[in-house]
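Encoded as structure tokens, the structure appears first; notes follow it.
The values are calculated or read from the model by the stated rules, or taken from the named source; none is laboratory data. Bear in mind that the values here come from a model prediction, so they are computed numbers and not experimental data. Glycine gets a Cβ as well: all are built from the backbone with ideal geometry, and neighbour counts include every protein chain shown.
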Amino acid sequence: MNTIANNVKARGAVRGPRESLIQTLWFEALGLAIVSLPFAHFSGLTVGDSLAMLFTLSIVVMVWAAVHNSAFDRIEQRLTGRLASDRPQRWRVVHVLSLEVSAIVVTWPLVVALTPLSWLEAFFAEIGLTLAYVAYGYLFHLSFDRLRPVKCEPGSAA
């Protein structure tokens, strides 16, 4: 099948709720497993305390992402009349940067409260966590897409 036919076929194909849940749970579980040991080492926490703190941050960031994404989409639509799915590349960059920066602001006080780190140390820990999760997220989603590609259901093509 040629590229144009593949693109037309793929327009109506997205991950269903079950597959999205599987993807999210694997992302969070593997992320916690990968990051908790290095974070424990650098923060002075035990591995268990590191895991608990990172799990808490994970929940907070997931809730914050939902709030941020809804607000960003509404503001963008009000300002431009455009749907989020029609967002141009530069606005996608603004969107993701605003999410990451605002997530640091939201979770920074939690890192200070839940660790022995000072405000400055916690800030640098947040930057490190953000960079680690950006790299991990890219690799995870690339791998997930290869291992569990989106399937086109009959009749789902546009």
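In the set (1) of a type in the set (D, E, K, R); (2) more than 21 Å from I34 (Cα to Cα); (3) at pLDDT 95 or above, E126 fails one condition alone, (2).
Could you please let me know if V112 is touching a helix residue (DSSP H, G or I) at 6+ places or on another chain (Cβ under 8 Å), assigned to a helix (DSSP H, G or I) and under 19 Å from G31 (Cβ atoms)? So V112 fails the test.
Would region 50-71 turn up any residue that is at pLDDT 90 or above, farther than 19 Å from V105 by Cα and not in a helix (DSSP H, G or I)? Among the residues of region 50-71, not one is at pLDDT 90 or above, farther than 19 Å from V105 by Cα and not in a helix (DSSP H, G or I), which makes the answer no. Number of residues in region 71-111 that are closer than 14 Å to L129 by Cβ and either in contact with an Asp or Glu (Cβ under 7 Å, 6 or more places away or on another chain) or free of Cβ contacts under 8 Å to residues at least 12 places away in the same chain (or both) equals 6. Could we say that L45 is surrounded by 14 or more Cβ atoms within 10 Å (Cβ to Cβ) and outside any helix (DSSP H, G or I) here? For L45, the condition - surrounded by 14 or more Cβ atoms within 10 Å (Cβ to Cβ) and outside any helix (DSSP H, G or I) - is met.
Return the residue satisfying two criteria in turn: it lies in region 101-125 and is exposed (fewer than 15 other Cβ atoms within 10 Å of the Cβ) and not polar (S, T, N, Q), and of such residues it is farthest from the chain's Cα centre (by Cα). Filtering first and then ranking leaves P116.
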